[in-house]
1. Within 10 Å of each candidate Cβ there may be at most 16 other Cβ atoms; applying that plus a DSSP loop requirement, which chymotrypsin sites (Phe, Trp or Tyr not before Pro) in the range 1-81 survive?
2. Counting Lys +1, Arg +1, Asp -1, Glu -1, what net charge surrounds residue 123 among other residues with beta carbon under 14 Å of its beta carbon?
3. Considering only 198, 87, 104, whose Cα is most displaced toward the positive end of the charge dipole of the chain, charges sitting on Cβ of Lys, Arg (+1) and Asp, Glu (-1)?
4. Does the range 4-218 come out rounded, prolate or oblate by the C-alpha gyration tensor, with a ≥ b ≥ c the root eigenvalues, rounded set by a/c under 1.5 and, if not, prolate when a/b is larger than b/c and oblate if not?
5. Below 8 Å between Cα atoms, with a sequence gap of 6+, how large is the relative contact order for the chain in percent?
6. Report, for the range 4-218, the % of DSSP beta bridges that are antiparallel, rounded to 5.
7. Straight-line reach from residue 151: which aspartates and glutamates have a Cα under 17 Å away, not including same-chain ones fewer than 8 places off?
8. Rank these for me by crowding, 85, 229, 102, 256, going from fewest to most other beta carbons within 10 Å.
Amino acid sequence: MTTVLDVQRLKDEGRRFAMLTAYDYLSAKILDEAGIPILLVGDSLGMVMLGHPTTLPVTLDDMLHHAKAVARGAKQALLVGDMPFMSYHASVEQAITSAGRFVQEAGMHAVKLEGGGRVIEITRRLTEIGIPVMGHVGLTPQFVHQMGGFKVQGKTDAQAARILADAKGLEQAGAFSIVLEGVPSKLASAITQALRIPTIGIGAGPATDGQVLVLHDMLGLTSGKAPKFVKRYANLAEEIARAATAYADDVRDGKFPGPEHEYSANGSAPATDSTRQGSPRTRGEASEFVGSEEVRYGG
Ligand code: KIV
């Protein structure tokens, strides 16, 4: 299983690594089996899974629900739970309680928190009690209203100095890695060189130790023009639409289900074409669904 020590070793050995978001059992299982070393249950699920315009409406219960499913699917990856807006802002005690639930209830190995400043002290306290912390600076989506939108951060010298200072503070507080989001490549490079712990970039150029993308963006499941930093490795939205249309056409034309998809009664042949009308229940074959043949979802 990948641990925070392995992630540090990757940086020490100069080996670049990938992180992806995962929000459900099946995608976590696929990504885990594909060897992705870190899976982030990101609060971006609020946008890509739940249809919110920002990550702000996502609750701790939403996150735990998805994190539990991811933990059921992944066996090897380091699992990081994203602390949602208002789950760590009220006090250090609230942060400890929320982070503890990610580890104790949802099977996460680490948590991610956005921002520097007060988050540095929270990071210190969490790591002191054995909860590894991934920091996140630069474009921090939970600050969308303060940033005036999802805008690249660190373009001015003053902003860049602030982000570098926050990153150093998080490292000193015990963070095991830091996400750098939406910052100029030059700044990401400077931070990566200044830190002992690995940086993981998204919209931060090629110099970071690792890269992260939102799974649905890189699979081409999200629609519209992709942001500049996204590379689409598949076009699954089109593929799903094609498959759904083909299925609907087959149903309409009586081509699905075929004989190979049918159940037969004990000792008798599959239904003939003339009897193959309607669902098993309307054909009086409901008992086959509780017989010895396994009938379950998910392959
Ligand atoms: O919520 C998320 O998915 C993230 C990553 C994009 C870093 O924070």
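1. none
2. Neighbourhood net charge equals 0.
3. 198
4. It is rounded, given that a/c, with a ≥ b ≥ c, falls under 1.5.
5. Once normalised by length, the contact order is 13 percent.
6. 0 percent
7. Output for residue 151: 114, 181.
8. Fewest-to-most Cβ neighbours within 10 Å comes out as 256, 229, 85, 102.
Every read-out reported here was derived from the displayed coordinates using simple, explicitly stated rules and does not represent laboratory data. Fair warning: this is a prediction, and the values are worked out from it, not measured in the lab. Cβ coordinates were reconstructed from backbone atoms using ideal geometry, including for glycine residues, and neighbour counts include every protein chain displayed.
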